[in-house]
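Below: the structure, in structure tokens.
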Number of protein chains: 2
Amino acid sequence: MKKNVFYAQSGGVTAVINASACGVIETARKHRNKLGKVYAGRNGILGALTEDMIDTTAESAKAIAALRHTPGGAFGSARYKLKGLDQNRAEYERLIEVFKAHDIGYFFYNGGGDSMDTAYKVSQIGKQLGYPVVCVGVPKTVDNDLPITDCCPGFGSVAKYIAVSTREAALDVASMARTSTRVFILEVMGRHAGWIAAAGGLAGQTQADAPHIILFPEIPFDEAAFLARVKDCVARYEYCVVVVSEGTRTPDGKFLAEAGTKDAFGHAQLGGVAATVAQLVRAKLGLKYHYAIADYLQRAARHIASKVDVEQAYAVGKAAVELALAGDNAVMPTIVRKSGNPYRWAVGKVSLAKVANKEKMMPRNFITKDGFGITAACRRYLAPLIQGEDYPPYVKGLPSYVSLKNQRVARKLEKEFVIK
Amino acid sequence: MKKNVFYAQSGGVTAVINASACGVIETARKHRNKLGKVYAGRNGILGALTEDMIDTTAESAKAIAALRHTPGGAFGSARYKLKGLDQNRAEYERLIEVFKAHDIGYFFYNGGGDSMDTAYKVSQIGKQLGYPVVCVGVPKTVDNDLPITDCCPGFGSVAKYIAVSTREAALDVASMARTSTRVFILEVMGRHAGWIAAAGGLAGQTQADAPHIILFPEIPFDEAAFLARVKDCVARYEYCVVVVSEGTRTPDGKFLAEAGTKDAFGHAQLGGVAATVAQLVRAKLGLKYHYAIADYLQRAARHIASKVDVEQAYAVGKAAVELALAGDNAVMPTIVRKSGNPYRWAVGKVSLAKVANKEKMMPRNFITKDGFGITAACRRYLAPLIQGEDYPPYVKGLPSYVSLKNQRVARKLEKEFVIK
């Protein structure tokens with residue numbers, strides 16, 4: 001008998017996670033002879049634990065196709081990491097119980113390292129409990145920190161957004177520097193790895209081009225060297241553009257954003273790292289600054305998504321279903337770089353055990369010796385990932401993003417499961 | 001004999017101010033029989049005062065055409081307001097002196113209210129000094145606060161950027177709210193008028209849609225009402241999206257951004273208004289927040305410019321030259337709305353005396369009674385201005401923006417003019 005499919009989105013959403021959902025659902029629909037219904041978790045894995053699942057068969061082919069150009073998480077995502085098996089076996093057992101009740105034989109989990117760990121554990125515990133589930137991870141993270149895969153769907157679009165925004169803002173600052181702002185700071189995401197900050201480096205080609213300084217989480221912040229560089233930059237070019245990762249740390253390992261003092265309410269981190277850096281520039285160099293904090297705008301910016309990223313996001317969704325149908329289990333599709341220039345890629349696969357809970361940091365040779373820029377090697381790696389535009393359709397001047405019906409699957413279990 | 005033309009950009013630049021420059025230069029080139037060379041001020045009016053002018057005849061037709069899709073100020077702009085005639089007559093006399101030395105008979109000044117005032121004064125003083133100059137303003141301001149013209153080139157593109165970004169970020173927040181951020185705050189420009197904040201309102205259609213709250217400079221911030229609304233919103237929709245104008249003020253007239261405390265260096269305004277509002281939400285409601293500060297990104301975002309805005313920016317540049325050739329003086333082309341739906345517009349004109357130093361605020365009937373949203377009338381006004389996309393060309397995944405040669409015009413005067 002045909003088993004049903006459970007798909008869930010996990011962790012921070014991206015501009016293209018729904019393109020992966022689209023890939024999963026459209027591919028599953030093409031294999032109706034082998035696969036049952038595709039259920040999606042409302043708010044990710046919480047939907048499975050609480051038996052709050054969405055029946056995607058209620059959505060039209062047109063609505064599902066529109067997921068490809070819609071940012072955010074169409075079914076809801078969750079920041080919820082299942083604990084280790086020893087600590088909370090009940091959660092895993094509950095998942096299997098729900099899967100069993102709804103005849104679910106396939107679990108596609110769309111997320112980062114933590115989620116790959118969960119998917120791996122589910123594949124193991126299912127076997128132990130006598131209800132084997134085919135578990136396939138679908139890679140997603142704007143941070144690009146999953147190992148083995150050459151890059152990670154979600155990253156290319158953030159990278160493009162940051163590179164484009166840096167180039168544009170730099171033109172603004174350059175034209176006003178004589179009488180106005182001298183130092184512009186753009187704060188970008190990336191708590192642990194500097195991939196997103198590095199992407200800002202694509203905005204320019206020469207030393208004179210913005211960004212003049214990139215601050216990476218991988219490089220301890222050297223205040224004196226930083227200030228000297230800003231000063232030199234303003235002297236040479238009249239202005240200085242800085243891209244700073246939210247994860248930039250002081251030499252003693254503290255987040256720079258937390259190095260400031262507390263606000264009126266006694267809370268630290270009033271303005272984040274951009275504000276901290278800006279204050280430093282004003283206090284020590286007396287230069288006028290402006291700063292922008294891209295925050296969610298960067299990972300939601302489907303309007304300027306990378307075409308390569310959209311295609312890869314769809315491809316890993318599609319491949320996940322195809323791998324499952326081919327008999328693979330506890331694997332994740334990967335992006336394999338076949339050639340850099342011209343860029344050619346293919347979908348590979350890796351065992352979930354190998355990607356679970358591992359982070360891929362920027363290699364040191366991707367960062368210039370002085371720690372403030374990206375090398376040619378880094379540029380060669382990043383450049384293909386932002387290639388191509390994939391504009392969403394517009395209605396009345398605004399992108400037309402789909403809202404699904406998100407119709408609930410009737411519950412079958414009596415027991416409530418309370419999320420702690 | 002044919003007189004030369006002087007063109008200068010003034011004040012904060014926009015995504016489309018270069019489209020106006022393109023309109024001026026291309027139109028002047030079409031009338032080579034009547035007009036001499038087009039010189040541009042390096043760093044705006046400073047270029048005239050210091051006799052640092054750019055010879056645009058050195059630029060190819062292709063380069064000038066590319067200005068239409070290039071953000072920032074291609075010749076440099078300046079935040080520099082000429083004082084009153086009584087206070088600093090020397091500056092005006094210097095301008096006339098430079099114009100005379102370079103046989104400049106036309107002055108096109110591309111800016112906001114202050115610049116229109118300057119252009120008006122130059123037209124008067126030229127006459128008094130026996131060297132009449134035809135002065136035509138070219139409207140530009142992201143703030144949309146120029147009077148008489150239905151809208152102002154530069155605004156439509158910021159409006160589109162803010163509406164698109166709000167819609168995208170809202171999808172992100174909505175999908176994560178259950179386990180993560182509940183309140184998302186987007187800080188936008190507009191020190192005095194709430195037009196840009198209002199544009200955020202276009203992102204949604206119904207009460208349930210984001211943005212749920214807009215904070216305008218025109219409406220004194222009511223903390224209790226704001227917090228009650230946030231709380232209600234989170235209860236109803238699980239999340240709340242706030243668009244806040246940098247110009248939002250407390251009931252006693254202080255900028256909300258300055259209402260916070262000082263930072264480690266003793267400076268106020270560490271994080272701007274978004275940080276202040278965010279802290280309030282956390283302190284009083286205990287809700288998790290995120291905030292974005294669009295800053296220069298919003299006014300430089302040529303990649304998502306409004307087609308209507310680009311066309312209007314070009315049209316006012318073109319019209320400025322045509323008005324001058326038709327014998328008009330001390331005027332500014334305006335945008336006249338012929339019909340709202342379907343949107344039809346034409347270029348009109350107004351005397352500079354009528355627009356100089358006046359600000360157009362949001363009419364009260366454009367803001368809902370509760371002060372937190374936009375009315376149907378406001379929506380009807382704003383909606384046409386963000387219509388259409390006008391994508392720049394891309395090379396290797398990045399928008400291809402032009403850099404001009406900006407070749408200097410040989411100096412003719414011996415006297416240096418020192419900017420105070």
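Coordinate-derived values only; no laboratory data. Remember, it's a predicted structure, so these values are computed and weren't measured experimentally. Note that we place each Cβ from the backbone using ideal geometry, even for glycine, and neighbour counts take in every protein chain shown.
When A:ASP309, B:ASP52 are arranged by Cβ crowding within 10 Å, least crowded first, meaning fewest neighbours, the order is B:ASP52, A:ASP309. With label points set 7 Å from Cα along Cα→Cβ, the inter-copy distances at A:ALA58 are 6.6 nm, sorted shortest first.
Of the options A:ILE196, A:VAL234, A:ALA300, report the single residue whose Cα projects farthest towards the positive end of the charge dipole of segment A:155-300 (beta-carbon charges: Lys, Arg +1; Asp, Glu -1). About the Cα centre, the residue reaching furthest to the positive side is A:VAL234. The charge dipole of segment A:137-274, taken about its Cα centre with unit charges on the Cβ atoms of Lys, Arg (+1), Asp and Glu (-1) only, comes to about 220 debye.
Dipole magnitude for the protein assembly as shown: about 1360 debye, using +1 per Lys or Arg Cβ and -1 per Asp or Glu Cβ, origin at the Cα centre. Amide H contacts of A:GLY73 (H built 1.01 Å from N, in plane; Pro and chain starts excluded): B:SER175 sit under 5 Å, all sequence-distant by 5 or more or on other chains. Inter-copy label distances at B:PRO220, using a point 7 Å along Cα-to-Cβ, come to 5.2 nm with the shortest given first. Between the alpha-carbon centres of segment B:124-143 and segment A:322-369 there is a gap of 62 Å. Taking every DSSP beta bridge that has both ends in segment A:155-300, the antiparallel portion is near 5%. For chain B, a Gaussian network of Cα nodes joined below 10 Å ranks B:PRO147, B:PRO363, B:PRO139 by mean-square fluctuation, and the top entry is B:PRO363. Using θ = phi - 60° in the Karplus curve 6.51 cos²θ - 1.76 cosθ + 1.60, the 3J(HN,Hα) couplings for segment B:36-42 round to x, 7, 9, 9, 10, x, 6 Hz; x is entered for Gly and Pro.
Near A:LYS3, the amide H atoms lying under 5 Å from its own belong to A:GLY36; only residues 5 or more places off or on other chains count, and H is placed 1.01 Å from N.
Of all DSSP bridge pairs formed entirely within chain B, close to 35 percent run antiparallel. Cross-link check: pairs A:LYS160/A:LYS354; A:LYS338/A:LYS369; A:LYS307/B:LYS318; A:LYS81/A:LYS349 evaluated at a Cα-Cα cut-off of 32 Å; pairs beyond the cut-off: A:LYS307/B:LYS318. Placing a label point 7 Å from Cα along the Cα-to-Cβ direction at A:LEU129 gives distances to the equivalent points in the other copies of 8.6 nm, listed shortest first.
Ordering B:SER351, B:ALA208, B:HIS102 by the projection of their Cα atoms onto the charge dipole of chain B, which places +1 on the Cβ of Lys and Arg and -1 on the Cβ of Asp and Glu, puts B:HIS102 at the extreme positive end. For segment B:90-134, the residues whose backbone nitrogen is under 15 Å from a point 7 Å from the Cα of B:SER351, taken along Cα to Cβ, are B:117, B:120-121, B:123-124. For chain B, the cysteines with no partner cysteine C-beta closer than 4.7 Å are B:CYS22, B:CYS135, B:CYS151, B:CYS152, B:CYS378. Name the residues whose placed amide hydrogens come within less than 5 Å of the amide hydrogen of B:GLY194, ignoring near sequence neighbours (fewer than 5 apart) on the same chain. Counting only residues 5 or more places away or on other chains, the set is B:GLU218, B:MET362. Comparing B:GLU246, B:GLU97, B:GLU168 in a Gaussian network model of chain B where C-alpha atoms under 10 Å apart are linked, the largest mean-square fluctuation is found at B:GLU168. Distance from the Cα centroid of segment B:59-123 to that of segment A:17-68 is 58 Å (rounded to whole angstrom).
Residues B:ILE148, A:ILE54, A:ILE386 in ascending order of nearby Cβ atoms (within 10 Å, fewest first): B:ILE148, A:ILE54, A:ILE386.
Rounded to the nearest 20, the Cβ-based charge dipole of chain B about its Cα centre (Lys and Arg +1, Asp and Glu -1) stands at 800 debye. Within the listed set B:ALA61, B:ALA315, B:ALA203, the residue fluctuating most in the Gaussian network model of chain B (springs between alpha-carbon atoms under 10 angstrom) is B:ALA61. Counting only DSSP beta bridges whose two residues both lie in the protein assembly as shown, roughly 35 percent are antiparallel.
Which of B:ALA326, A:HIS290, A:TYR161 sits closest to the plus end of the dipole of the protein assembly as shown, meaning its Cα is farthest towards the positive end, when Lys and Arg get +1 and Asp and Glu get -1 on the C-beta? About the Cα centre, the residue reaching furthest to the positive side is B:ALA326. Calculated mean residue ellipticity, 222 nm, chain A: -10500 deg cm²/dmol, from DSSP H runs (n ≥ 4) at -39500 (n - 2.57) each, averaged per residue and rounded to 500. Taking one quarter of the surface of the C-alpha convex hull of chain A gives a mean projected area of 22.5 nm². Among the DSSP helices (H) of chain B, those spanning at least 15 angstrom by Cα along their long axis with an average Kyte-Doolittle hydropathy of -0.5 or more are B:17-30, B:89-101, B:155-176, B:223-237, B:272-285, B:307-325; this is a geometric and hydropathy rule only. Cross-link reach is defined here as a Cα-Cα straight distance under 18 Å, omitting same-chain residues fewer than 8 places apart; for B:LYS34 the aspartates and glutamates meeting it are B:GLU26, B:ASP55, B:ASP103, B:GLU322, B:ASP328.
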